[in-house]
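Scroll down for the structure; my scribbles are underneath it.
The values are calculated or read from the model by the stated rules, or taken from the named source; none is laboratory data. Owing to the predicted nature of the structure, the values given are computational and were not obtained by experimental measurement. A quick note on method: Cβ atoms are made from the backbone with ideal geometry, for glycine too, and the neighbour counts reach across all protein chains shown.
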Amino acid sequence: MADVAVQHSVAAAYEPSLFGTYSKKIGMWLFLLSDSLTFGALLYAYSYGRISTPNWPTPFHSGSIINATFMTAFLLTSSLTMVLAVRASVFGRTKAVRLWLLATMACGTAFVILHGREWSRLISEGLTLPVFPAVPGAETSKEFRDVSKTVPQFPATFFGLTGMHMLHVTLGVVYLGIIALRKKFIPILLGLWLVAWLATPAYSPFHYGAHVLLVAAIVCTVILWLKPKVYDSSDVEVAGLYWHFVDLVWMFIFPLVYLMSTRII
Amino acid sequence: MDAVQVAIAERVAEQHRHHGKAQFFWVWGALLVITGMEVYLGYQNMEPVRMLSILMALSIVKAALIIGYFMHLKFELTRMKWITMCALVFCLAMMCVFFPDAFRIIKYGVQ
């Protein structure tokens, strides 16, 4: 049997991209499609509980709705600043890209802070999960006295869904920070971790949740060490896709979780 | 990125350069207005199923605006739009299979 001669000197021929765009962007779209199923499952679980439970709690009053409306406005504004960052990047305006990305991060951080405040209020009033430490000296409000026993699906799905979204927003802020500032963002991230860890009381879920920032700092350091590069317009666009997705998911959480569990008093 | 990817990325960037800033501000304004409408509905104490239908319709409009303009899908190739959106809608629609069970529980109780 004759040997097959393989020629290595022939220049590689590529087929044109099926989707007419570069691989990184297609990769991000595939990730977002899979992630949308994660959020879809959580939203369906919440809706299932909402339909099948006649005495579904309505813990969100006027104050919560105003708070959540501001959170929504911050996210929508962050999407606008993100798209302006993408636009600045395709024109090669490096300084403007950095400023728009920092504005996006500021809006995302404001969202997380407002959301954390809302969580802390609900937990201190007695709407909690068994895994959360008890708040010392806090009295359970009459409204939540029986919720954890009679409708445990409510705190489980509420904290599960909104916690997953908050995690995505936090990681999105870290992602944008790396794109905007690269290595310079690592010490900032470590500073944020220390502030979030030390400034929150030991019984707060954010006291332990803050370690997400430490893990993110370690992962980002490894990535920047293995593949240091100057991020170009395609990187900004791909980061923007992720950010808009986080915004998009909130557009379903806000009406389903907050507005459908509202009792204006 | 290799040369082919760089060339494609440059072509995509060229597409972006043709979009004016104004359309993004219009979309942002529309999203804020729709959010305002949703909050207004929250204060109306409507019947839950009716309110849920209206809220979901408004959320789908908001999602379409974000995906189409902010995520740029409106300007991608037709096959990309159809493949991604059909796959997503199909998978999410399949999850609706659980809802009859939720209605069964509320009608007959947990058996």
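Restricting the stretch B:18-55 to residues that are of a type in the set (F, W, Y) and in a helix (DSSP H, G or I), the residue that is nearest to A:F60 (Cα to Cα) is B:Y40.
When you scan the stretch A:54-86, how many residues do you find that are in contact with a helix residue (DSSP H, G or I) (Cβ under 8 Å, 6 or more places away or on another chain) and in a helix (DSSP H, G or I)?
22
Here is a check on your reading of the model: is B:V33 among the aliphatic types (A, V, I, L, M) and surrounded by fewer than 14 Cβ atoms within 10 Å (Cβ to Cβ)? Yes: the conditions hold for B:V33. Would you mind stating whether B:V61 is surrounded by fewer than 20 Cβ atoms within 10 Å (Cβ to Cβ), facing another protein chain (nearest Cβ under 7 Å) and either touching a Cys at 6+ places or on another chain (Cβ under 8 Å) or free of Cβ contacts under 8 Å to residues at least 40 places away in the same chain (or both)? When the stated conditions are applied, B:V61 does not pass them. Within the stretch A:214-265, the set of residues being more than 23 Å from A:L32 (Cβ to Cβ) and of a type in the set (A, V, I, L, M, F, W, C) comprises A:L214, A:A217, A:I218, A:V222, A:L224, A:W225, A:L226, A:V230, A:L259, A:M260, A:I264, A:I265. Listed residues B:V61, B:V89; which is closer than 21 Å to B:V27 by Cα, assigned to a helix (DSSP H, G or I) and at pLDDT 90 or above? Exactly one residue qualifies, and that residue is B:V61. In summary, B:K81 fulfils each of the numbered conditions (1) exposed (fewer than 14 other Cβ atoms within 10 Å of the Cβ); (2) more than 8 Å from chain A (Cβ to nearest Cβ); (3) part of a helix (DSSP H, G or I) with the single exception of condition (1). Within the stretch A:92-126, being farther than 17 Å from A:G63 by Cβ, buried (at least 19 other Cβ atoms within 10 Å of the Cβ) and away from chain B (no Cβ under 14 Å) holds for A:L101, A:M105, A:G108, A:V112. Only one entry in A:T140, A:T200, A:T221 is in contact with an Asp or Glu (Cβ under 8 Å, 6 or more places away or on another chain), surrounded by 14 or more Cβ atoms within 10 Å (Cβ to Cβ) and of a type in the set (S, T, N, Q), namely A:T140.
Every residue in the stretch A:16-27 that is assigned to a helix (DSSP H, G or I), surrounded by fewer than 19 Cβ atoms within 10 Å (Cβ to Cβ) and not β-branched (V, I, T), please.
The answer is A:S23, A:K24, A:G27.
Scanning the stretch B:59-91 for residues that are of a type in the set (A, V, I, L, M) and within 18 Å of A:M260 (Cβ to Cβ) turns up B:I60, B:V61, B:A63.
Within the stretch A:87-135, the set of residues being polar (S, T, N, Q), farther than 24 Å from B:G68 by Cα and not in a loop (DSSP other than H, G, I, E, B) comprises A:T94, A:T109, A:S120, A:S124.
With the condition kept exactly as written, say whether any residue in the stretch B:19-34 is at the interface with chain A (Cβ under 7 Å from one of its Cβ atoms), free of Cβ contacts under 8 Å to residues at least 24 places away in the same chain, touching a strand residue (DSSP E or B) at 6+ places or on another chain (Cβ under 8 Å) and not β-branched (V, I, T). No. In the stretch A:224-237, how many residues are free of Cβ contacts under 8 Å to residues at least 40 places away in the same chain and part of a helix (DSSP H, G or I)? Going through the stretch A:224-237 one residue at a time, the tally reaches 2. Counting only residues that are modelled with pLDDT under 90 and within 10 Å of chain A (Cβ to nearest Cβ), which one in the stretch B:64-77 is nearest to A:R50 (Cα to Cα)? By that ranking, first place goes to B:E76.
Surrounded by 13 or more Cβ atoms within 10 Å (Cβ to Cβ) and at pLDDT 95 or above: which single residue out of A:V215, A:V169, A:V151 fits that description?
On the way: A:V215 fails: surrounded by 13 or more Cβ atoms within 10 Å (Cβ to Cβ); A:V151 fails: at pLDDT 95 or above.
When all the criteria are applied, what remains is A:V169.
Taken over the stretch A:57-91, the residue count meeting the criterion of being more than 9 Å from every other protein chain (Cβ to nearest Cβ) and either small (G, A, S) or more than 19 Å from the chain's Cα centre (by Cα) (or both) is 9. Taking the criterion of being under 30 Å from B:A7 (Cα atoms), part of a helix (DSSP H, G or I), within 12 Å of chain B (Cβ to nearest Cβ) and polar (S, T, N, Q), would at least one residue in the stretch A:242-262 satisfy it? Checked the stretch A:242-262: no residue is under 30 Å from B:A7 (Cα atoms), part of a helix (DSSP H, G or I), within 12 Å of chain B (Cβ to nearest Cβ) and polar (S, T, N, Q). Within the stretch A:134-143, the only residue that satisfies the criterion of being touching a helix residue (DSSP H, G or I) at 6+ places or on another chain (Cβ under 8 Å) and touching a residue at least 40 places away in the same chain (Cβ under 8 Å) is A:V135. Within the stretch B:37-61, the residues that satisfy the criterion of being within 15 Å of A:T72 (Cα to Cα) and more than 15 Å from the chain's Cα centre (by Cα) are B:M37, B:E38, B:V39, B:Y40, B:G42.
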